Amino acid sequence: MSDSNMNGPAGLVVGTAGHIDHGKTALIRALTGIDTDRLAEEKRRGISIDLGFAHLTLATGERISFIDVPGHERFIRNMLAGASGIEAVLLIVAADESVKPQTREHFDICRLLSLRRGLIILTKADLVTPEKLVQTKDDVRRLCQGSFLAGAPVLPVSAVTGEGLGELKQELAHLAGNRTQRDHQGLARLPIDRSFALKGFGTVVTGTLWSGILHAGETVQIHPTQREARIRGLQVHGQSVELAMAGQRTAVNLAGIDHSEIKRGFVLTHPQLLETSSTLDAEINWLDDSETPGKREDFLFHLGTSEVTAKLKPLDHDASFARLHLSEGVLALPGDRFVLRKPSPAQTVAGGTITDAFPPRRLSRAKTAARVTLLARTSLDGRIEMLVSESPNGRLLQNLVKVIGAPEAVLRSAVQQNPRLLLAGGTHILAHEWVRQRREKLIAWLKIFHADHPAAPGAPVAQARLGLDPSLANAVFEDFSGVRVQGDVIALANHRAQFSDLDQQALRKIEQAFRQAGYQPPLPNEVLQRANPDAKKARGLLETLIRTRRLVRISDDLIFHAETIEHLRKSLAARKGSRFSVPEFKNWTNISRKYAIPLLEYLDHQRVTRRDGDGRIVL
């Protein structure tokens, strides 16, 4: 996997931009010694058709990776695929021809992709007079006025004589030394610009790692096909490495997938974290107000290394915000930059920023516009709060990872530091306001339940969840002083069961029957029939005694009085550490094996005893 065209450095990724035949490829060859025209047709025609790659290690030790893009207007889609991963640009203008149409379009694309750094290179300086050189320099300055290149150095160079190459390398070292570090802690995303088979290695894909880290040996996922593969090996700058970091031109040797199953525009990520989407809300920056559509219109949508057709629906009067319906799903995250081109005649007209890759579908146009405007201006905390509040029952943490595009640890930390949010059960993000409203609803429900069932100690917890998932219901119940939860029963904190005189008499009869029975418990149905002829009422009174722990249910038809169980606990405590058999236990309690075995299993469960072969040990 030593092909230099597919390797990248650990330093700055620089792209070329400029009109056809203005010397981009010749300049890169003069700087690096690498010919980025790798296709036979490129060599035959003398023009760049596809992306080319080269690298250079400067005297300072800084590493530069070059992405050489084609200048011909027919290959703008290839230029865009290369421009998506660069951190700085060399705007190349031939000194003898000055600014041309593709100079302007490439420059516009760089601005739309929100590039912030670069150099202006005047090639073929050996072919012009000093006066012509000054004129071309002035032309380029006017083009770049008010842009990110307004104060950039303008360097005359010659790939033939070597003039200016030394100064160019110094300026590249300055750019590399002052670069902004990419997000190594983010989710790994590598937009693929090449996929091929290499003899002895198999499938190899290349691209610039936008964020995160890739490790040799780990499993990755290819979007949009969702195919998984294993990283057999990694190369950065022609060297095999164990990991590749954000900002590096990376070659990934994949096992378990054929190169023909992967094409430019696909994205490599860690598995099960991100999803593609075909409906996007975005903020749009138009190059010319005259190109602003007043209704739905078709465009070519370029994001990363992908190109798909898109129908754009304006959300406001000047289409500064819009909804994009794509012909294919793409992997997009909030903050990603893209470019829009008209398909006929081919022309770059706008760029923009993704605000939401999974927007709600059933909002009105006005509400969608207001929502997208707010999302475009808010912070990470604000985005989390907004997305959580939009959902009836909060959001799953895992869902927010794909919607926001931030790692789970980052989202978890943001939630824990936000006094208006909480993380329930480690999985759900909820607003405290949602919990407050749910508690009000629970209080109202319990008041009605207690009014309808005054004798009941409380309501079944399963019913009091009011349709919520258990983890969400627990967030409502826990640390709430307004309610009391005992076992599987919940009640208002100040609720006390209210019984009629007849009910109280029945309660005393039932409890007394089990107390007097001791270790010889009666059948529950027989006790209930004597206590109250109303079978349903009697059963409810029995459950009340069990919930209030006056009685202890061992099995469906085996119930003891709590005093009997406590007496047994104390008796066994005096024998701590001793071993006894089932027959011995039967003799102590004077009960049959039918009752002894369930009672012993209950004691095992309560950690009073522990089974040891055919016997028990007192703990």
**Nitroxide proxy distance, nm - points 7 Å out along Cα→Cβ at residue 587 and residue 539** = 4.2 nm
**Prompt:** Rounded, prolate or oblate: which fits the stretch 510-551 when a ≥ b ≥ c are the square roots of the eigenvalues of the alpha-carbon gyration tensor, with rounded for a/c under 1.5 and prolate only if a/b beats b/c?
**Reply:** oblate
**Message:** Net charge within 13 Å of residue 617 by Cβ-Cβ distance, Lys/Arg positive one each and Asp/Glu negative one each, not counting residue 617 itself?
**Reply:** +3
**Message:** Straight-line reach from residue 586: which lysines fall under 21 Å, measuring Cα to Cα and dropping same-chain residues less than 8 apart?
**Reply:** 570, 576, 594
**Request:** Take the chain, drop everything but the C-alpha atoms, weight them equally and run the Debye formula without solvent; then report log10 I(q)/I(0) at 0.05, 0.06, 0.10, 0.11 Å⁻¹ to two decimals.
**Result:** -0.41, -0.53, -0.91, -1.04
**Message:** Among the listed pairs 509/536; 263/342; 24/137; 24/342, which have their C-alpha atoms separated by more than 20 angstrom in this model?
**Reply:** 263/342; 24/342
**Message:** Could you work out the percent of alpha carbon pairs in the stretch 111-238 separated by over 24 Å, rounded to a whole number?
**Reply:** 52 percent
**Prompt:** Reported to two decimal places, what Rg/Rh ratio describes the stretch 395-494 when computed on Cα atoms with Rh from the Kirkwood expression?
**Reply:** 1.07
**Prompt:** Along the principal axes of its C-alpha atoms, what lengths does the stretch 562-619 span, in descending order and rounded to whole Å?
**Reply:** 24, 23, 19
**Fill in**
HN-Hα couplings for the stretch 441-454 via Karplus (6.51, -1.76, 1.60; θ = phi - 60°), in whole Hz with x for Gly/Pro, come out as 5, 5, 4, 4, 5, 5, 4, 5, 4, 5, 5, 7, 9, x
**Prompt:** Hey, what do the phi angles of the stretch 557-570 turn into as Karplus ³J(HN,Hα) couplings, whole Hz, using 6.51/-1.76/1.60 and θ = phi - 60°, x for Gly and Pro?
**Reply:** 10, 10, 10, 10, 6, 4, 5, 5, 5, 5, 4, 5, 4, 5
**Prompt:** Looking at 472, 482, 513, which one has the Cα that reaches farthest to the positive end of the dipole of the stretch 467-515 (charges on Cβ: Lys, Arg +1; Asp, Glu -1)?
**Reply:** 513
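Dividing the Cα radius of gyration by the Kirkwood radius, what Rg/Rh value follows for the stretch 441-577?
That ratio is 1.04, to two decimals.
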**Request:** Give, rounded to the nearest 20 debye, the magnitude of the charge dipole that the stretch 384-509 has about its Cα centre when Lys and Arg contribute +1 at Cβ and Asp and Glu contribute -1 at Cβ.
**Result:** 100 debye
**For the chain, accessible area per residue (1.4 Å probe, heavy atoms of protein chains only), Å²** = 46 Å²
**Message:** At 222 nm, what value in deg cm²/dmol follows for the chain if DSSP H runs of at least 4 each add -39500 (n - 2.57) and the sum is divided by all its residues, to the nearest 500?
**Reply:** -10000 deg cm²/dmol
**Item:** Rounded to whole Å, sorted largest first: equivalent-ellipsoid semi-axes of the stretch 209-283, Cα gyration tensor
**Value:** 22, 15, 11
**Request:** Could you work out how far apart the two model spin labels at residue 391 and residue 409 are, taking each label as a point 7 Å from the Cα in the direction of the beta carbon, and quote it in nm?
**Result:** 2.3 nm
**Message:** When only alpha-carbon atoms are used, what values of Rg and Dmax, in angstrom, describe the stretch 216-338?
**Reply:** 17.7, 53
**Fill in**
Counting sequence-distant residues (5 or more places) and residues on other chains, those with an amide H built under 5 Å from that of residue 117 are 89
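What number in nm² do you get for the stretch 351-441 if you take the convex hull of its Cα atoms and divide its surface by four?
Details: hull surface 27.4 nm².
Hull-based average projected area comes out at 6.8 nm².
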**Prompt:** Got a sec? Which residues in the stretch 508-526 would a label at residue 563 touch, if it sits 7 Å along Cα→Cβ and we count backbone N under 19 Å?
**Reply:** 508-523
**Asked** Which of the listed residues, 500, 413, 330, is farthest toward the dipole's positive end in the chain, when Lys, Arg count +1 and Asp, Glu count -1 at the beta-carbon?
**Response** 500
**Message:** Let's see if you can work this out: charge +1 on each Lys and Arg Cβ, -1 on each Asp and Glu Cβ, no other charges. What is the dipole magnitude of the chain about its Cα centre, in debye to the nearest 20?
**Reply:** 2600 debye
**Prompt:** Once phi is turned into θ = phi - 60°, what whole-Hz ³J(HN,Hα) does the Karplus curve with 6.51, -1.76 and 1.60 give for every residue of the stretch 249-254, x standing for Gly and Pro?
**Reply:** 5, 10, 9, 10, 8, 10
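The values are calculated or read from the model by the stated rules, or taken from the named source; none is laboratory data. Remember, it's a predicted structure, so these values are computed and weren't measured experimentally. Here Cβ is always computed from backbone atoms with ideal geometry, including for glycine, and neighbour counts include all displayed protein chains. We work out accessible area using only protein heavy atoms, side chains counted, and drop any ligands, DNA or RNA first. Shrake-Rupley method; radii C 1.70, N 1.55, O 1.52, S 1.80 Å.
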